[in-house]
Amino acid sequence: MDLQIIVAPIVGSVIGYSTNWLAIKMLFKPHKAYHIGKFRIPFTPGLIPRERDRIAGSLGKTVGENLLTEEVILKELTNPRITDSLKDYIVKDLLGKTFTLKDLLGQINDDDKIKHTLFDMIKKGLSKMLRDNPAFKDSVRQLLNERLTRNDSVESLFGHKPIEGLENLLYDNKLEIANGICLYLADEAMATRIKGLISKVMSEKLGGLAAMFVDPAGLYGSILDFVRTSLEKEENQVELVKQLALALRKFSGKSLGDFMSEKDYEVFIDKLTDYITDQGVHLFEGERVDRLMEGLIEPLLTMEIRVSEDIKLIIEEKIIDMYLNFARTRLPIFIEQMNISKIVEGEINSFSTEEVENLIFGIVDRELKAITWLGALLGFVMGLFTLLA
């Protein structure tokens, strides 16, 4: 009798512990199914490996629809703790120190690539601004209207030096000018015109009868020979150029209004504006500006930039506003596209059975051990009740 009082509770305790321990083990073990012939052995694999897909789907749905919901994620991302941390990063790490453009472009390790990228960006930006911005053309027109009037002389328009340069060019090329005049007079078309003019003058001055005794071709030949002989002499070449220079001086002293009407002057300003505008664009696309800009790129890249406190506050406010606006307007779309339920389900299914087992035991190991020992306690109590009954 005394031995039964001891043995019954102990046996009940062992049975309760063993059954709970075995039940917990059967949740995971075995990891795969075993067969005898074509028949699967019952309770293989364990409950969790057998129902793994359903459990992963249910867990993913629970996490996505009840735990990591859009409201929860948005609440956390807009939490003052997060925004304060972002402000601290902006003020201290981003804007709290002196930096250069090269630092900002530091993700490009190649200095030559940094220079080329900045050079190309500036050049294209300036070229586009000049080509597409009507304000540039309007500024050129306004400047011309301020600097030019129809009363301005040609010399005031081009200056003294270009006129003097043209005069020197005439004197330096007096022989070429003389030869050019001779060639012009000897041209077949010009010869025909001169002969016709001679015939007309003879008929008007001497009458038709007298003109019959004058040979226009012979007279034209005599004139051409005289001109050639005269222009072979250097003093005559100098005198010719001198007269051309005097004519150039008279021309340069005349006003623009002497050559063009009000309407023609407006057309002249329009064409001059277009020309200067096009030249301005071509200037920024030319090699000379390339060399100039290349010399400015390196100092620009290495120039230290310091952000004032006022600018820091403005940048900080703008970045925080952009962040909060993104979180409130775009984040819900991203969360929907991410499909957290599917992500959780996919991650769980990517784990091996051993990893799932270790994961669950890592979370509820103490609780499972408590259940095992609770089984032993209940078995012990049931053993006592059996004796009392």
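When the listed pairs Lys137/Lys263; Lys174/Lys195; Lys124/Lys312; Lys25/Lys61; Lys174/Lys242 are checked against a 18 Å cut-off, the alpha-carbon distance exceeds it for Lys137/Lys263; Lys174/Lys195; Lys124/Lys312; Lys25/Lys61.
Each Lys or Arg adds one and each Asp or Glu subtracts one; over the other residues with Cβ under 14 Å from the Cβ of Gly375, this totals +1.
Each residue of the stretch 31-43 is assigned a 3J(HN,Hα), and the resulting list reads 6, 9, 7, 10, 10, 10, x, 8, 9, 7, 5, x, 6 Hz, derived from the Karplus form 6.51 cos²θ - 1.76 cosθ + 1.60 (θ = phi - 60°), x at Gly and Pro. Report note on the peptides 46-55, 356-365: ranked by the mean count of other C-beta atoms within 10 Å, highest first, their order is 46-55, 356-365.
From most to least packed by mean Cβ count within 10 Å, the peptides 236-246, 308-318 give 236-246, 308-318. Packing order of peptides 224-233, 339-348, highest average first: 339-348, 224-233 (average count of other Cβ atoms within 10 Å over each peptide's residues).
A short reminder: the numbers here are calculations on the coordinates, not readings from a lab. Keep in mind the model is a prediction, meaning the values are calculated, not measured. Using ideal geometry, Cβ is built from the backbone for each residue, glycine included, and neighbour counts are taken over all protein chains shown.
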